[in-house]
Structures are given as structure tokens and as C-alpha cells.
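This report concerns only the one structure given below.
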Amino acid sequence: MNIHEYQAKQVLKTFGIPVPRGGVAFTPDEAVKVANALRAKNWVLKAQIHAGGRGKGGGIKVVKSISQLNAEAEQMLGMTLVTPQTGPAGKVVHRIYVEQGCEIERELYLACLVDRATSRIAFIASTEGGMDIEEVAARTPEKIFTLTVEPASGVQPHHGRRIAFALGLDLDLARQCQELVERIYHAFQETDASLIEINPLVVDRQDNLICLDAKLNFDDNALFRHPEIAGLRDAAEEDPVELEASKRDLNYVKLDGEIGCLVNGAGLAMATMDIIQFCGGSPANFLDVGGGADKEKVTEAFKIILRDPNVKAILVNIFGGILRCDVIAEGIVAAARDVRLSVPLVVRLEGTNVELGQKILDESGLTILSAHELGEAAEKIVAAVKKGAN
């Protein structure tokens, strides 16, 4: 789950992590009130959307007067902000963050995340703050410093000192960095975060380290432990179909292809999408129904897949373990009838009660293409899409 920048800073502040003073506003009048309360010499207005690159799209403005702030707030609120991460459709700005200005001497980068290669929490630091870290990694990889933390001992003072050295910080700033690293690590663990990214982490003219921007992502599966964080979710920033799928306990991500995928298990879903691509097709979605799906859940999965107008065919790939093949077959038949399926459907079943499941499909009276191997299923569904296009 993603949250807005102002929410991320609220979370970080509870762990003693230094962030600038600011407040959220939903109207220009509220923005003016926040600015007056801050009593600053200048202010920064930041559009609050779940996407990076806001400055490139006009979503970050520095203002030096209340009248200018009011004018910029009126223009920013309600605008459709297009950034490299939103795609051409952009996102509508419903709220802005008004923050006190900061006198910046240096911009750095610091992030804390889960390193899947080592199964440890890792820190990534760079002297190239304020830039896309992907660009830094591609052009000047030597400027990126990575440090993993041994889970048995947790974060230690030497971790902060090593990061400070990599960032070229002097003694006083190194002490601040050591404390900051420890607090970020603590926040990461306590909130079940999957990412804490500070870009930029700045050194101001008073030689203070300040988190000028913050991005926090959280593990959805751990939100039941953190109702206060779950309450920060902004449904307006999420794809409505993906949001509906999550309410149905379906793991769904929309893609740009034309072959809908209904699979049980994340690994099998990834393999299914890969082989569709290999056979010349393009997957329209990632959809994992999980191991405990029933007829109702399968029907909902079909409905969600078919809400995408680009879907020209559906491939069902099920390995029956906990989820028996006869149950999924009954769900497929019920769903196909309920939604009055009009696109080609290929089903590949394997595992528990596969013979019974196949019999249910064969005797359904529906036009369902069966396949015994995943490669065969992918070839059939790609051929069906190409035939429909001719």
C-alpha cells in the first residue's frame, strides 16, 4: 500500500525523524491558513498524488508571498498532473501539501528496503540526491552505496557511520546520520514497511540533515496489525478495478495486453504470463485467485477480467492442491454462464481431482478449449486471439 508524502512524513515524525513543518490543504483557503501558521519566509506547494516526478509536471512550486501561494494553490488543485510515472492519462490533484521552505546546501539519497537477494533489510545511499535513482544506477553505479543489515543483531552504530562516510558527511553530520539510520530502521520494522525512500535527504545551511521528501510503501499482508496505517489509504489514487479486486480478496494487477489470466499462485501466474508472451501473445492482467477460491470467487474473478475492454480471450491455469480441480471447474462453468462469456476460453487443469474437473468442463455444453500442458494452453489462447483478429 502506498501513502501520500504528507502522510509519510507524519509517520516518520512519530519516530523522531526530522522533516520540515507543513500541513495538508484541500482548498486554496486552507492552503493560506497553513502557510500563515507556518510563519515562514517562503513556502513549497506540493501536489499529493501517488507518483514520482511531480516537479517535472508542474506539481511542485516555490512561492514567496501569500498572494502567490493562493494563486498557485488555485491552479494546482483540480489539475491533471502528468508525470513520467502517471502515464499520459495523469492523475487529478485533490490535495496539496504546504511546507516551509528549506535553504539547501546538499541533496543526498537514502532508502531502506527489503533486499530479496539476501533476504535482509538493506540501505541504499547516494550523493546524487534529487535525481531518479534508476538513472544514477545506470549512468554512475559507483555513486550508489548498498549496505545490508544482519537480522540477528539489527542495525548498529557502524551502519550509520559507513553510510555517512559514503555520503561524504563531516563529523557532526555523521552523528546525525547514524541516529537517522537507526530511526529509519526502527520505523521500517515497526510499521512493516516495504520501502522508506528519502529523496532528497538534504543538508541545510544550519548543517542539519532533513528528510525533504519521503515515500513509504507498506506490506498489504501486514496491514491488519496497523489499522492506523491502513486508515491512510487513499482509494481515489488506486485503479478502481484493482481496488474492487482487493475487496474480493483477489490479487489483480492490470496490464496492457489482450489475454486475461486466471491462475492460482503468484509463481504460476508469473510463469503463465511469461509463456503467453513467449508464444506471441500479451497478458492483460496478473490475477491470482489464491488457494481457497470457491465458485463465487471465480465468478468475481471472471467479472473483473472482463471489465477490461482490451481482453479478447481468457486463459485459466490451475494447479489443484488446496484448490481442487472439480471446484474450480464448477466455478468456471458457473462464471461463464453468469457473465455470458463471449470471448475464447482455454482451461488447463492439473492436480487434485483433475479427471472430475475435466469431466465437468466437457459436460457443461460450453465452448471451452482444454489443454494438458501450459505450453499447449498458451499456444491455443494466442491462436484464438489471432483468429478473432482476422
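Structure data summary
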read-out: Given charges at beta-carbon only (K, R positive; D, E negative), |dipole| of segment 21-101 in Debye; value: 280 debye
read-out: Rg followed by Dmax, in Å, when segment 249-337 is reduced to its Cα trace; value: 11.9, 32
read-out: Radius of gyration and Dmax over the Cα atoms of the chain, both given in Å; value: 25.1, 77
read-out: Residue order, fewest to most beta carbons within 10 Å, for Tyr109, Tyr6; value: Tyr6, Tyr109
read-out: Positive dipole terminus of the chain, leading residue within Gly87, Phe26, Val346 (C-beta point charges); value: Phe26
read-out: Segment 240-389: Rg to Rh, with Rh as the Kirkwood radius over Cα pairs; value: 0.92
read-out: Ratio Rg/Rh, restricted to segment 21-101 and using Cα atoms, in which Rh is the Kirkwood radius; value: 0.97
read-out: Calculated from backbone phi, Karplus (6.51, -1.76, 1.60) coupling profile of segment 259-264 in Hz, x at Gly/Pro; value: 10, x, 10, 10, 9, 10
read-out: Packing-based exposure ordering (other Cβ within 10 Å, fewest first) of Leu369, Leu180; value: Leu369, Leu180
read-out: Debye, to nearest 20: dipole size of the chain, +1 on Lys, Arg Cβ, -1 on Asp, Glu Cβ; value: 700 debye
read-out: For Thr191, net neighbour charge (Lys/Arg +1, Asp/Glu -1) across residues whose Cβ lies under 10 Å away; value: -3
read-out: Table column - 3J(HN,Hα) (Hz), segment 268-274, Karplus curve with 6.51, -1.76, 1.60, x for Gly and Pro; value: 5, 5, 5, 5, 5, 5, 4
read-out: Note, ³J(HN,Hα) from phi for segment 328-333, Karplus 6.51, -1.76, 1.60, rounded to Hz, x at Gly and Pro; value: 5, 5, 4, x, 5, 5
read-out: Above-threshold pairs, the threshold being 19 Å between Cα atoms, out of Lys46/Lys215; Lys303/Lys386; Lys9/Lys91; value: Lys303/Lys386; Lys9/Lys91
read-out: Spatial separation of Cα centroids for segment 348-363 and segment 73-93, in angstrom; value: 49 Å
read-out: Per-residue Cβ neighbour rank within 10 angstrom, fewest leading, Glu376, Glu237; value: Glu376, Glu237
read-out: Set of aspartates and glutamates near Lys41 by C-alpha distance (under 17 Å), chain-local residues within fewer than 8 positions excluded; value: Glu72, Glu99, Glu103, Asp204
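Quick note: the coordinates plus some simple rules give every number you see, no bench work behind them. All of these numbers come straight from a predicted model, not from anything done at the bench. Here the Cβ is made from the backbone with ideal geometry for all residues, glycine too, and neighbour counts use every protein chain on show.
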